[in-house]
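Heads up: the structure comes next, in structure tokens.
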Amino acid sequence: MSKAVLPKDFLWGFATAAYQIEGAPTADGRGPSIWDTFCAIPGKIADGSSGAVACDSYNRTAEDIALLKETGAKTYRFSISWSRIIPLGGRNDPVNPKGIEFYKKFVDDLLKEGIVPFVTLFHWDLPDELDKRYGGLLNKEEWVADFANYARVMFEALPKVKNWITFNEPWCSSILGYNTGLFAPGHTSDRKKSPIGDSSRECWIVGHNFLIAHGTAVKIYREEFKPKNGGEIGITLNGDAVYPWDQEDPLDVEAAERKLEFSISWFADPIYHGHYPASMVKQLGDRLPTFTKEELDLVVGSNDFYGMNHYTANFIKHKKTPPAEDDYLGNLETLFESKTGENIGPETQSFWLRPNPQGFHNLLVWLSKRYNHPKIYVTENGTSLKGENDLPLEKIVDDEFRAEYFRGYIGALAKAVSEDGVDIRGYMAWSLMDNFEWAEGYETRFGVTFVDYEGGQKRTLKKSAKIIGPLFESIIRKD
Ligand code: GBH
């Protein structure tokens, strides 16, 4: 990889999310989010922990910026905690000036160091009051209006921010929050896990509401802020790469495509093509909401860029039986081994993640084709490492496995740009530092920086943090 194939102004850096790093859940008037509430339920988080302290980043912004400087990062993607800004969340609830001040100063401090802020408005941490008040994400009228109000408050407060993401991975909030119940607010039909929820319907309603809320916020940005501030706004979607389990079986080939449609196209087709994928309409029938004319006008064309989160790949095998009522994958199995016994990639600490850089390349090309060559920012990409948490510090900082992951994935990105003409403008590794890994707690580490949670939160760069910069600098054009 010696050729300089990426544009001169390519933005590379690192990503985090508010609830995973900030801690300080009651500082300066912050209200609780659904994740504070969810973590307090015994059995929901692997190690019984929560984001109550996390990396204490709310009190350590200077340290975090110094870390970014050390890596040479050009951009930092972070998210805003809605309940710091509006503790109760709603459009008629008071705005908290201290919350605004915190992010304003953070943005200024980043810019002073020449680091471009990439801001996510919502990374899963809904103000808890909105969930209690009217059912949160399930309530289209109320929630869309409240999100729109919060988004406007932030656009107004942070005019220097030129890169906005409305939502991080609405798939996760919808499916894990309202189907499997693995994530807050934990709704599921499984009564052993939750007293409330309908896995066959709620997730599709929530997904629909995300699209309307996204479109509404984008309209506000474009009409009221873009003319004077000139920034861009998009949504970030997750999606794993796919390979047919049996390449010779047309039903597996079809199932692999369907898997992409149920995860990515669920959101991207309405935004880029104005309708849900046919495969979803066929399987879900009237459980999939339909768009009114007004809703479609909001949703179609509502991305200035496509935000792509990507980690892993699966072999896809079609199912022969009719889909279950609570199926959300597209009536298929996801496997780590193919029919011929080929393995997708080495194990990591995350049960769902096995590195497969070729899959990243394939998916970039697929996205580019299906959505007519959009401008893409890779807003997350990274890996955990099997058993990392049990290693001594001198071994942890020598994370060759993670470094190799980045070499492979960044190489795949460069190839997609140079050989396939995919329009990629930026890349943010997940994550700047070890942090609260949601239902997996602190046992799973994703950072390029080690965080010593018991030892005064000391941050130590790992090897992977040091290779990403030079790697990008060698493939970014200088003229
Ligand atoms: C990202 O999601 C998140 O944005 C980030 O906050 C997180 O820390 C990071 O990944 C690392 O996990 O339970 O079998 O249905 C990544 C995409 C999609 C990965 C859902 C986990 C769960 C598989 N995620 N997937 S399953």
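Descriptive notes on the structure:
- The stretch 412-438 - residue that is open to solvent by less than 20 Å² (accessible area, probe 1.4 Å) and assigned to a helix (DSSP H, G or I) and, of those, nearest to the ligand (Cβ to nearest atom): Trp438
- Where Thr312 falls short, out of the listed (1) within 15 Å of the ligand (Cβ to nearest atom); (2) open to solvent by 30 Å² or more (accessible area, probe 1.4 Å): (2)
- Of all the criteria given as (1) open to solvent by 10 Å² or more (accessible area, probe 1.4 Å); (2) in a loop (DSSP other than H, G, I, E, B), the one not satisfied by Gly89 is (1).
- Among residues of the stretch 439-476 being of a type in the set (Ser, Thr, Tyr) and in a helix (DSSP H, G or I), the one that is farthest from the ligand (Cβ to nearest atom) is Ser474.
- Residue within the stretch 272-289 that is more than 16 Å from the ligand (Cβ to nearest atom), in contact (Cβ under 8 Å) with a residue 24 or more places away in the chain, assigned to a loop (DSSP other than H, G, I, E, B) and crowded, with 18+ Cβ neighbours inside 10 Å present: yes
- Residue count for the stretch 35-66 satisfying the condition of being part of a helix (DSSP H, G or I) and open to solvent by 10 Å² or more (accessible area, probe 1.4 Å): 10.
- Residue count for the stretch 158-217, restricted to those that are of a type in the set (S, T, N, Q), in a helix (DSSP H, G or I) and out of contact with any Gly (no Cβ under 6 Å at 6 or more places or on another chain): 3
- Selection count where residues are more than 30 Å from Asp9 (Cα to Cα) and either touching a strand residue (DSSP E or B) at 6+ places or on another chain (Cβ under 8 Å) or crowded, with 19+ Cβ neighbours inside 10 Å (or both), scope the stretch 350-389: 4
- The one condition in (1) within 16 Å of the ligand (Cβ to nearest atom); (2) more than 18 Å from Glu440 (Cα to Cα) that Leu182 fails to fulfil: (2)
- Qualifying residue in the stretch 200-219 (condition: under 26 Å from Met154 (Cα atoms), free of Cβ contacts under 8 Å to residues at least 40 places away in the same chain and either touching a Leu at 6+ places or on another chain (Cβ under 9 Å) or within 14 Å of the ligand (Cβ to nearest atom) (or both)): no
The values are calculated or read from the model by the stated rules, or taken from the named source; none is laboratory data. Nothing here was measured: the structure is a model prediction, and the numbers come from that model. We place every Cβ from the backbone using ideal geometry, glycine too, and count neighbours over all the protein chains shown. With ligands, DNA and RNA removed, areas are computed over all heavy atoms of the protein, side chains included. Shrake-Rupley method; radii C 1.70, N 1.55, O 1.52, S 1.80 Å.
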